[in-house]
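Have a look at the structure below before the remarks.
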Ligand SMILES: [Zn+2]
Ligand SMILES: [Zn+2]
């Protein structure tokens, strides 16, 4: 039931997006994930901005 986020550039969901993935804020590549605004952010910037990737609540890969 999770809401799917779509890439602001190609309008595809994260696993289908073939854009170069780097952080919108710092251009870093550490654990970069798509968030609700359609941009990618690294772990540090997501935590700083309190952005969550779409599977943050389901913990699929635990
Ligand atoms: Zn994309
Ligand atoms: Zn960043």
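Just a few scattered comments:
- Compactness ratio for the chain: Cα radius of gyration over 2.2 N^0.38 Å (N = residue count) comes to 1.03.
- In terms of other Cβ atoms within 10 Å, 54, 15, 47 run from fewest to most in the order 15, 47, 54.
- Each Cα pair under 8 Å and six or more residues apart adds its sequence gap; the mean of these over the residue count of the chain is a relative contact order of 29 percent.
- Cβ-to-Cβ counts within 10 Å put 49, 7, 42 in ascending order as 49, 7, 42, the fewest first.
Every number in this text was worked out from the coordinates using simple rules, so none of it is lab data. No experiment lies behind these values; they were computed from the predicted model shown. Here the Cβ is made from the backbone with ideal geometry for all residues, glycine too, and neighbour counts use every protein chain on show.
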